[in-house]
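Inspection log for the structure reproduced underneath, given as structure tokens.
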Amino acid sequence: MNKYTKEAFVNLLEDKLTRKRRIHMEDASDKDLYYVIASIVKDELTPKWLDTQEKYKSNETRQVYYLSMEFLIGRLLESNLLNCGLLDVCNEALREIGRDPEEIYKNEHDAGLGNGGLGRLAACFLDSIASLNLPGHGSGIRYRYGLFEQRIIHGNQIELPDYWLKEEYPWETRKTDEAIEVHFGGSVHMHKKSDGTLEFSYHNTDKVMAVPYDVPVVGYQNNVVNTLRLWSAELPQDESDFLSEPSSQYYHHLDHTHSVEQISGFLYPDDSSFEGKELRLKQQYFLVSATIKGIINKFKDEHNLPLTSLQEKVVIQINDTHPSLAVPELMRILMDEEGLNWKQAWNVTTKVIAYTNHTTLSEALEKWPVSMIQNLLPRIFMIINEINERFCQGIWFDHPELRDSIPELAIIADDQVHMAHLAIVGSFSVNGVARLHTEILKTKEMKNFYTLYPRRFNNKTNGITHRRWLLQVNPCLSKAITEAIGPQWVKQPNKLISLLRYSNDRPFLEKIDQVKRENKQVLANLIHKQTGVTVDEESIFDVQIKRLHEYKRQLLNIFHVIYLYNELKENPSLDLTPRTFIFAAKAAPSYHLAKEVIKLIHHVASIVNFDKTVNGKLKVIFLENYNVSLAEKIIPAADISEQISTASKEASGTGNMKMMMNGALTVGTLDGANIEIKDLVGDDNIFIFGLKADEVLNYYKNGGYVAKDIYNTDERVRKILDQLNYGEFGAHEIEFKDIFYNILYHNDPYFVLKDFDPYIESHELIERAYRHKKSWQKMSVTNIAYSGKFSSDRTIKEYASEIWKI
Ligand SMILES: *Cc1c(COP(=O)(O)O)cnc(C)c1O
């Protein structure tokens, strides 16, 4: 693996700097070095990339296409260096010439083509697919603007555009000759052919070119380089010819011309919530149509097989319902362009497409107005309609016991197209993303579909790539682990379990402790630089970093902080282990209550951090612009991982796994993958509290919870809520009436008050446990040891063997 010595790498840098950037090493900026190192990595991976693609062409195995509207890949230079086996030598070479590697790597703009967990999952999956030497490709959209950049001004979130392509993006290659035409609108004509079958043709459609940009996905030191293909929307060349010949359609086409490039213009900033904008529907169809046409072209190029055997070579995994138009689009191409009949096309489609469900939140369910789909995609609508008719008839005749449920099961109902139903009916696999989540799908949310298709439903508990989230972000911990148990864990993360043998080993525990302290010091410096606040490096770093959502309950966390503040004000000599509460979260721009919570966190911080009677024991930090790169800096320094969603609401969570892998202890509800973390580490190595999923679901169904009762009986709660309502917070006078009203007059829909007392109790246990250094370290090591299960390598192996059959 040692392809280069340090000296050779320094020479290479020097040579590349002069040839590519025409600059001497002494004068090179950090950016020059960034581009030059990226170029070295590209030289390294290009032959492997070509070889890998060549190999896939000639071998006969099935290939998987992972379709996702989001890929939250963050930066690539450091992880590509790592996976190419060049990271160590590159770091050494940079230090040799007096440069700080970190300063170089941060010149890459984060690719923020995703909102949160769903998009980051797609990125982790690509890393694991390549590292496991599996034939898989990502397919997404090359948004010109990624997720907005967050700034905070006086506690208010401000959104700035994320123009991440301002400077050359070194990882992408434009493939103009593989561009694909995508059609919108127009009208459909039907002709009866001589053999009595129907033929469909389209007229006056608006054409858009989908131009692919390929990004390499480097496997871990295995010579595999797969592809993430990102599609960009452009005006077709001949469209400009058309414009020189005005016609009755002139203004229509002028309008279309204007709107084409918007299709890949920006990422919609809503996480787990549905926004029924037409442009979003265009984006979804654009992704699906370009990808599937590309797949079919390739299939016809590479195989001498009829399209009735497409399923032998291709499987398409759709990441949530966002790409579920894949079902009617594949039907359309197979029938209208490839001449298959309905039965043949349906047989292929339902053997090629597999669907991953990500949420049961009703506000996230995609339901498009019939009229919108009909206008934008007339032929697609006809096909959805026929799928729906055949499906409903099938129930009527084959499942008379479900006749009454047809309106709830239908794909089209109330003039809306229910995308989850389309995805379930049109696929051969429906998976949830954690055990509890899949159980809820089977027994509650999609109960009737489960009755219809019991074998279709399966679970694939999420995972994260341990290469980025441990090896790369926490090199010192990784080194300590390897020194103890050897390097096998890097390729086989389950081997981390050997760490259990060291959970009483003093020197090892001290080493782990020292690494955590160093990581906390680094984060403390960053916090000081970004906020001006000095935090106690000995304090408990209590971390909640994730999108801001009511169900994730950042509010419960900040209520705990206010409670501690009130306690300390009453009794300044209270014996409390110092704590630093660290938040980072973006709110969807139109999510008012979420933004109020951000404001509240800042307000509390502005009081607590500057109040001399408490600030020796309490600090509140909000780091702005949460993204992958910021997560990479915070996670290695976390002592406590806050995973406190209202039980049943968080399908899996992956932030929980990242922090566990870095030795943080979880305080959490029995929700999502927290349950599976608890089952592994045991009750003694995690802090579980609060309502369980069935209790929450029962309250929703049968009532019986009255938030005001808690307000009336719990003084701690009443005090906090009154402080919000009347703005009596320290010397300030800021009100948070909307939060107050939501809890008391909308009956606390996320059970913040109900879980308040058990949450406080859990934190008291945490604060006592932290005083016993040795046992804390032991708990921490136990968590790292069991975290191997949450490597996305395990998840991908399950997808590969149980769904994709590759
Ligand atoms: C992992 C990750 C998430 C998901 O976090 P959850 O705590 O599972 O919601 C969101 N955003 C970024 C940047 C991440 O890295």
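The values are calculated or read from the model by the stated rules, or taken from the named source; none is laboratory data. Everything numeric here is computed off the predicted structure, so don't read it as measured data. Here the Cβ is made from the backbone with ideal geometry for all residues, glycine too, and neighbour counts use every protein chain on show.
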Subset of segment 529-548 [more than 16 Å from the ligand (Cβ to nearest atom), polar (S, T, N, Q) and surrounded by 17 or more Cβ atoms within 10 Å (Cβ to Cβ)]
T531, S539
Before we move on, is G704 in a loop (DSSP other than H, G, I, E, B) and under 19 Å from G432 (Cα atoms)?
no
Among residues belonging to segment 43-61 that are out of contact with any Ser or Thr (no Cβ under 9 Å at 6 or more places or on another chain) and surrounded by 16 or more Cβ atoms within 10 Å (Cβ to Cβ), point out the one that is nearest to E172 (Cα to Cα).
L45
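Looking at G668, G653, G703, G672 in this structure, which one is more than 12 Å from the ligand (Cβ to nearest atom) and of a type in the set (G, A, S)?
Details: G668 fails: more than 12 Å from the ligand (Cβ to nearest atom); G653 fails: more than 12 Å from the ligand (Cβ to nearest atom); G672 fails: more than 12 Å from the ligand (Cβ to nearest atom).
Only one candidate passes the filter, namely G703.
Quick check on this structure: which one of R379, R435 is among the basic types (K, R) and farther than 21 Å from S289 by Cα?
Working: R379 fails: farther than 21 Å from S289 by Cα.
Going through R379, R435 in turn, the sole match is R435.
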Only one of T531, T577 is over 22 Å from I743 (Cα atoms) and touching a Lys or Arg at 6+ places or on another chain (Cβ under 8 Å). Can you tell me which?
T577
Checking T321 against (1) touching a residue at least 60 places away in the same chain (Cβ under 8 Å); (2) surrounded by fewer than 24 Cβ atoms within 10 Å (Cβ to Cβ): exactly one of these is not met. Which one?
(2)
Limited to segment 54-85, what total is found for residues that are of a type outside the set (D, E, K, R), modelled with pLDDT of 95 or more and assigned to a helix (DSSP H, G or I)?
7
So R75, is it of a type outside the set (A, V, I, L, M, F, W, C) and within 15 Å of the ligand (Cβ to nearest atom):
yes
Name, by its number, the condition in (1) within 28 Å of L87 (Cβ to Cβ); (2) part of a helix (DSSP H, G or I); (3) in contact with a helix residue (DSSP H, G or I) (Cβ under 9 Å, 6 or more places away or on another chain) that does not hold for H560.
(1)
Please verify whether segment 611-623 includes one or more residues that are touching a residue at least 24 places away in the same chain (Cβ under 8 Å), under 26 Å from Q157 (Cβ atoms) and within 15 Å of the ligand (Cβ to nearest atom).
yes
I'd like the residue in segment 91-108 that is surrounded by 17 or more Cβ atoms within 10 Å (Cβ to Cβ) and in a loop (DSSP other than H, G, I, E, B) and, out of all such residues, is nearest to the ligand (Cβ to nearest atom).
E108
Among N725, N742, which is surrounded by 20 or more Cβ atoms within 10 Å (Cβ to Cβ), assigned to a helix (DSSP H, G or I) and of a type outside the set (A, V, I, L, M, F, W, C)?
N742
List pairs: first residue in segment 1-20 and outside any loop (DSSP other than H, G, I, E, B), second residue among the aromatic types (F, W, Y) and loosely packed, with under 12 Cβ neighbours inside 10 Å anywhere in the structure, Cβ distance under 7 angstrom, at least six positions apart or on different chains.
none
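Please find, among D684, D709, the residue that is closer than 30 Å to S498 by Cβ, away from the ligand (no atom under 16 Å from the Cβ) and either part of a helix (DSSP H, G or I) or hydroxyl-bearing (S, T, Y) (or both). Show your work before the answer.
Numbers: D709 fails: closer than 30 Å to S498 by Cβ.
From the options D684, D709, the qualifying one is D684.
Check D110, D88 and return the single one that is within 30 Å of L548 (Cβ to Cβ) and either in contact with a Lys or Arg (Cβ under 7 Å, 6 or more places away or on another chain) or at pLDDT 95 or above (or both). Show your work before the answer.
On the way: D88 fails: within 30 Å of L548 (Cβ to Cβ).
Matching residue, one of D110, D88: D110.
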Just give me the residues in segment 358-367 being buried (at least 17 other Cβ atoms within 10 Å of the Cβ) and either without any contact (Cβ under 8 Å) to a residue 12 or more places away in the chain or within 15 Å of A326 (Cα to Cα) (or both), in sequence order.
E366
Can A693 be described as modelled with pLDDT under 95 and among the aliphatic types (A, V, I, L, M)?
no
Does segment 534-552 contain any residue that is among the β-branched types (V, I, T) and in a loop (DSSP other than H, G, I, E, B)?
yes
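Please count how many residues of segment 635-646 are part of a helix (DSSP H, G or I), among the β-branched types (V, I, T) and more than 10 Å from the ligand (Cβ to nearest atom). Show your work before the answer.
Residues of segment 635-646 part of a helix (DSSP H, G or I): 635-637.
Checking the rest, the ones that are also among the β-branched types (V, I, T) come to 635.
Checking which are more than 10 Å from the ligand (Cβ to nearest atom) leaves us with none.
Within segment 635-646, residues that are part of a helix (DSSP H, G or I), among the β-branched types (V, I, T) and more than 10 Å from the ligand (Cβ to nearest atom) number 0.
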Among the residues listed as I485, I512, I464, the single one being within 16 Å of the ligand (Cβ to nearest atom), of a type in the set (A, V, I, L, M, F, W, C) and within 29 Å of C84 (Cβ to Cβ)
I464
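Considering each residue of segment 125-146, count those that are part of a strand (DSSP E or B) and more than 17 Å from Y169 (Cβ to Cβ), and give that number.
Here is the first cut: in segment 125-146, the ones part of a strand (DSSP E or B) are 136-141, 145-146.
Subsequent filtering for residues that are more than 17 Å from Y169 (Cβ to Cβ) retains 136-137, 139.
Final tally of qualifying residues: 3.
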Regarding segment 592-607, can at least one residue be identified that is of a type in the set (D, E, K, R) and within 16 Å of the ligand (Cβ to nearest atom)?
no
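Pull up segment 114-129, narrow it to residues that are under 17 Å from L77 (Cβ atoms) and of a type outside the set (D, E, K, R), then point me to the one that is nearest to the ligand (Cβ to nearest atom).
The first filter runs over segment 114-129 and keeps only residues under 17 Å from L77 (Cβ atoms), leaving 123, 126-127.
Retained after the next criterion (residues that are of a type outside the set (D, E, K, R)): 123, 126.
On the way: A123: 9, L126: 14 Å.
If we take residues in segment 114-129 being under 17 Å from L77 (Cβ atoms) and of a type outside the set (D, E, K, R), then A123 is nearest to the ligand (Cβ to nearest atom).
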